[in-house]
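Asks: Could you have a look at this structure, given as C-alpha cells, before my questions?
The values are calculated or read from the model by the stated rules, or taken from the named source; none is laboratory data. For clarity, every value in this text was computed on a predicted model and none was experimentally measured. Neighbour counts are summed over all protein chains in view; Cβ atoms, including those assigned to glycine, are modelled from backbone coordinates with ideal geometry. Note: accessible area is taken over every heavy atom of the protein model, side chains too, but ligands, DNA and RNA are not part of it. Shrake-Rupley method; radii C 1.70, N 1.55, O 1.52, S 1.80 Å.
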Amino acid sequence: MNATSPRDDGPHATDAPDAAVGRIVLLTTSHRVAPGLLSWPAWQALRDADRVLCADGAHPQLPYLREAGIAVEEAAPTAQELVDACAGGHTVAVVATGEGEPQLTDGLARLAGSGRVRMPELELLPASYDLPGARLLDLVQVMDRIRAECPWSSQQTHEGLAKYGIEEAYELVEAIEAGDRDELREELGDVLLQVVFHSRIAEEDQDAPFSIDDVAGGIVAKLIHRHPHVFGDETATTPEEVKEHWLRTKAIEKRRTSVTEGIPLGQPGLALAAKLSSRARTAGLDVPLPQGEGIGYELLAMATRAESEGVDPEAALRAAARAYRDAIRGAESDD
C-alpha cells in the first residue's frame with residue numbers, strides 16, 4: 001500500500017519526496033506444516049531482503065532460516081520504526097509470529113491512513129499453507145494436552161468411553177435424518193473426537209500401544225487395497241461391481257469361514273436382521289427364513305423383505321416413529 005504526504009510534518013527519512021519508498025514483506029507460516037518447508041517465493045523474498053526481523057526468538061522457523069544462511073534479527077519494531085528501516089529503497093522482511101503481528105499491521109494501517117507518511121510497499125506473503133485436513137493436527141494436539149492436564153479426561157478408559165461412542169453415532173444419524181447441516185457438522189466432530197480420544201488412550205497401553213497415526217495408516221491401507229479399481233488394475237463401472245471388489249478383498253483379508261463373521265450381534269435388531277439378509281443375498285445363498293410364531297419372526301421377515309427392496313428397515317422404522325411422535329404431540333396440543 002502507498003500513501004503520498006501532502007506536506008512534511010516529521011523528521012523521518014521516508015517523508016522526503018525523492019526517497020525510494022522501500023518494501024515491507026510480512027511472511028506468515030502455518031504451524032501445521034513442518035518448519036523449513038517454505039514456498040519458493042518466500043525463500044526468494046528472504047534472500048532478497050536487506051533485513052529479516054522476527055519478534056519471537058523461539059520461532060520454529062528460525063533455526064532453518066539461519067541454517068540456510070538467512071541472517072535473522074530478533075526485533076519487534078513499531079510500525080514507524082519499520083517504515084523508517086525501509087528508507088532509501090530497502091526491503092525488510094518480517095517473519096510473523098503465530099498471532100500474525102496484529103499490532104504491527106494495525107500500526108501500519110494507521111500510518112497509511114494518516115496521510116502524513118510516505119509508506120513503503122507492503123506485501124503479505126504466505127510462506128507455507130495448510131493442506132486439507134491440517135486442522136486435524138490441532139485436534140490431536142488439543143487432545144494430547146487435555147489427556148495430560150484434565151482431571152476427568154486423564155482417567156478415562158476405552159471401556160468407560162464406549163457408551164459415548166454409541167450415543168454420538170446415534171446423534172449423528174439423527175442429524176443426517178433431520179437434514180440439519182449445522183447439527184451434522186457438530187455431530188461429525190463429536191464422532192471424530194471419540195476416534196482421537198480412544199487413539200490417545202491407546203498410546204499409553206503397556207502391551208500393545210498404537211497412535212492416531214497407526215489408526216489413520218491402517219484405514220488408508222485398507223481403502224487402497226479394497227479399491228483396486230481406483231488404485232490398481234481392476235475395473236468397476238457400477239456400484240454393484242465396487243461392492244463385489246470390496247467383499248472379495250475383505251474376505252481374503254479376514255479369511256472368514258462364514259459370511260456372518262464380523263457382524264456385530266449387539267446392534268439394533270432390525271439392523272442386524274437386514275445385515276444378515278444382505279450378507280446371505282450377496283453371497284448368493286438361498287436360505288429360507290426360520291419359521292416360528294411371535295412378533296420376532298414377523299419382524300425378521302419384514303426386515304429381510306425391506307433389505308431385498310433396498311430399504312433400510314431401521315431408518316424406515318425411525319421415520320415412522322418420528323411421525324408417531326408428531327401425532328402424539330398433536331394430540332397433546334388438542335387437549
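Asks: Would you mention how many residues in the range 249-263 are more than 16 Å from LEU223 (Cβ to Cβ) and surrounded by 13 or more Cβ atoms within 10 Å (Cβ to Cβ)?
Replies: 4
Asks: Between a first residue in the range 154-168 that is closer than 13 Å to ARG200 by Cβ and a second residue that is among the basic types (Lys, Arg) and surrounded by 11 or more Cβ atoms within 10 Å (Cβ to Cβ), which pairs have beta carbons less than 9 Å apart while being 6 or more apart in sequence or on different chains?
Replies: Within 9 Å, the pairs are SER154/ARG147; GLN156/ARG147.
Asks: Further, regarding this structure: Could you list, in sequence order, the residues of the range 194-233 that are without any contact (Cβ under 8 Å) to a residue 24 or more places away in the chain and within 19 Å of the chain's Cα centre (by Cα)?
Replies: Matches in the range 194-233: VAL195, SER199, SER211, ASP213, ASP214, VAL215, ALA216, GLY217, GLY218, ILE219, VAL220, LEU223.
Asks: So, of the residues in the range 115-130 that are at pLDDT 90 or above and open to solvent by 40 Å² or more (accessible area, probe 1.4 Å), which turns out to be farthest from SER30 (Cα to Cα)?
Replies: Top of the filtered list is GLU121.
Asks: Which residues, counting only those in the range 280-300, are in a helix (DSSP H, G or I) and open to solvent by less than 40 Å² (accessible area, probe 1.4 Å)?
Replies: Result: ALA280, single match.
Asks: Look at PRO268 and say whether it is touching a residue at least 24 places away in the same chain (Cβ under 8 Å) and farther than 28 Å from GLU241 by Cα.
Replies: So PRO268 passes the test.
Asks: Within the range 298-313, how many residues turn out to be β-branched (Val, Ile, Thr) and touching a Pro at 6+ places or on another chain (Cβ under 9 Å)?
Replies: 1
Asks: Another question, if that's okay. Aliphatic (A, V, I, L, M), in a loop (DSSP other than H, G, I, E, B) and out of contact with any Asp or Glu (no Cβ under 6 Å at 6 or more places or on another chain): is that true of LEU131 in this structure?
Replies: Considered against the rule, which asks whether it is aliphatic (A, V, I, L, M), in a loop (DSSP other than H, G, I, E, B) and out of contact with any Asp or Glu (no Cβ under 6 Å at 6 or more places or on another chain), LEU131 comes out as yes.
Asks: Filter the range 201-217 for residues that are touching a Ser or Thr at 6+ places or on another chain (Cβ under 8 Å) and closer than 18 Å to GLY160 by Cβ; which is surrounded by the fewest Cβ atoms within 10 Å (Cβ to Cβ)?
Replies: GLU203
Asks: With respect to GLY133, is the statement that it is out of contact with any strand residue (DSSP E or B) (no Cβ under 7 Å at 6 or more places or on another chain), free of Cβ contacts under 8 Å to residues at least 40 places away in the same chain and surrounded by 12 or more Cβ atoms within 10 Å (Cβ to Cβ) true?
Replies: no
Asks: Which residue pairs have Cβ atoms closer than 8 Å, lie 6 or more positions apart in sequence or on different chains, and pair a first residue in the range 89-111 that is open to solvent by 70 Å² or more (accessible area, probe 1.4 Å) with a second residue that is assigned to a loop (DSSP other than H, G, I, E, B)?
Replies: HIS90/GLY22; HIS90/ASP50; GLY98/HIS31; GLY98/ASP56
Asks: Out of the residues in the range 50-83 that are outside any helix (DSSP H, G or I) and among the small types (Gly, Ala, Ser), which is nearest to VAL95 (Cα to Cα)?
Replies: ALA55
Asks: Among the numbered criteria (1) part of a loop (DSSP other than H, G, I, E, B); (2) exposed (fewer than 15 other Cβ atoms within 10 Å of the Cβ); (3) modelled with pLDDT under 95, which single criterion is violated by ALA236?
Replies: The failed condition is (2).
Asks: From the residues in the range 297-335 that are in contact (Cβ under 8 Å) with a residue 12 or more places away in the chain and small (Gly, Ala, Ser), which one is nearest to LEU247 (Cα to Cα)?
Replies: Filtering first and then ranking leaves SER308.
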